[in-house]
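Asker: Before we start, here is the structure in question, set down as structure tokens.
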Amino acid sequence: LQDSDVVIQLQDGTYSGALVLPPLIGVGTVTIRGNIETPENVILNGATGGYAINSTGPGRWTFQGLRITNTLGSGIRVAHGMVASFSSVQFGTCLYDQVYVDTLGYAYLAGGVIKIVGGGQSWMNCQNGGYFSARGQTVTVEGAPAYTWAFAVTRSEEHTSELQSPMYLVCRLLLEKK
């Protein structure tokens, strides 16, 4: 990519199977864009026991106008230096975490209408040096999604010895009260 940006435009429909994101070289951003006006028309359904979307290395990714769901696993894993932004995204039902941020991943809400339309183990799980920010954003919860663990989970120093190392920074959860 070097310093170029790329947009992958998805047509309305359901896309099944895991989306594995390769490491990116350069400072460009890859945007996966569905239907900004009606995100529920573009569904990324992992339909696997793993992640619907899984990062394998560093890179800047933007997700717009999509519904992310995986009734057999988790929604998206942001890790290994990946930076992921979400705008006009809906988080549908997942068996486990809807957003899992770990191993120096960084995820943030970047505007548009962010909706939670299904439950899972947790909406956001941040561990092992992951970073998540919803600062200044509104998240709309539709219906009454059930969470079997908690709405948001973060690992703290008191509970893990691995966070003593500078390699693993404490996760910071930046959800503001409205």
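The values are calculated or read from the model by the stated rules, or taken from the named source; none is laboratory data. All of these numbers come straight from a predicted model, not from anything done at the bench. Counting neighbours? That spans all protein chains shown, and the Cβs are built from the backbone with ideal geometry, glycine included. All accessible areas refer to the heavy atoms of the entire protein, side chains included, with ligands and DNA or RNA removed. Shrake-Rupley method; radii C 1.70, N 1.55, O 1.52, S 1.80 Å.
Asker: What percentage of the solvent-accessible surface of the chain, computed with a 1.4 Å probe over protein heavy atoms, is contributed by carbon and sulfur atoms?
Answerer: On the way: 4470 of 8450 Å².
Summing carbon and sulfur atoms, their accessible area is 53 percent of the total for the chain.
Asker: Using a ≥ b ≥ c from the Cα gyration tensor of region 48-114 (square roots of the eigenvalues), is it rounded, prolate or oblate, where a/c under 1.5 gives rounded and otherwise the larger of a/b and b/c decides, a/b for prolate?
Answerer: On the way: a/c = 2.10, a/b = 1.05, b/c = 2.00.
Note, shape of region 48-114 comes out oblate.
Asker: Give me the accessible area of Y106, 1.4 Å probe, in Å² rounded to the nearest 10.
Answerer: Probe radius 1.4 Å; accessible area of Y106 about 70 Å².
Asker: Another question, then. Farthest toward the dipole's positive end in the chain, which of T93, V139, T71, given Cβ charges of +1 (Lys, Arg) and -1 (Asp, Glu) about the Cα centre?
Answerer: V139
Asker: Under a plain spin-label model, where a point goes 7 Å from the Cα along Cα-to-Cβ, how far apart in nm are D12 and A47?
Answerer: 2.0
Asker: Now, a different point. Under the classification rounded if a/c is under 1.5, otherwise prolate if a/b is larger than b/c and oblate if not, where does region 1-55 fall, given a ≥ b ≥ c as square roots of the Cα gyration tensor eigenvalues? Before the final figure, lay out each step's value.
Answerer: Numbers: a/c = 3.48, a/b = 1.32, b/c = 2.63.
It comes out oblate by the Cα gyration axes.
Asker: Just reorder S74, S4 by solvent-accessible area, largest first, 1.4 Å probe, all chains present.
Answerer: Descending order: S4, S74.
Asker: With every protein chain present, what is the per residue accessible area of the chain (1.4 Å probe, Å²)?
Answerer: 47
Asker: Give the share of C-alpha pairs in each 10 angstrom bin for the chain, from 0 to the last occupied bin, in whole percents, shortest bins first.
Answerer: Bins of 10 Å from zero give 11, 39, 38, 11, 1 percent of pairs.
Asker: May I pose another question? How would you classify region 97-141 from its alpha-carbon gyration tensor, with a ≥ b ≥ c the square roots of the eigenvalues: rounded for a/c under 1.5, else prolate if a/b is greater than b/c, otherwise oblate?
Answerer: Oblate is the answer for region 97-141, as a/c is 1.5 or above yet b/c matches or exceeds a/b.
Asker: Separate question: Pick from G92, G118, G26 the residue whose mean-square fluctuation is largest in a GNM of the chain, springs joining Cα atoms under 10 Å.
Answerer: In this elastic network of the chain, the residue with the biggest mean-square fluctuation among G92, G118, G26 is G26.
Asker: Could you calculate the FRET efficiency of T148 with V20 from 1/(1 + (r/R0)^6), where r is the beta carbon distance between them and R0 is 30 Å, rounded to 0.05?
Answerer: Working: r = 26 Å, r/R0 = 0.87.
The calculated FRET efficiency here is 0.70.
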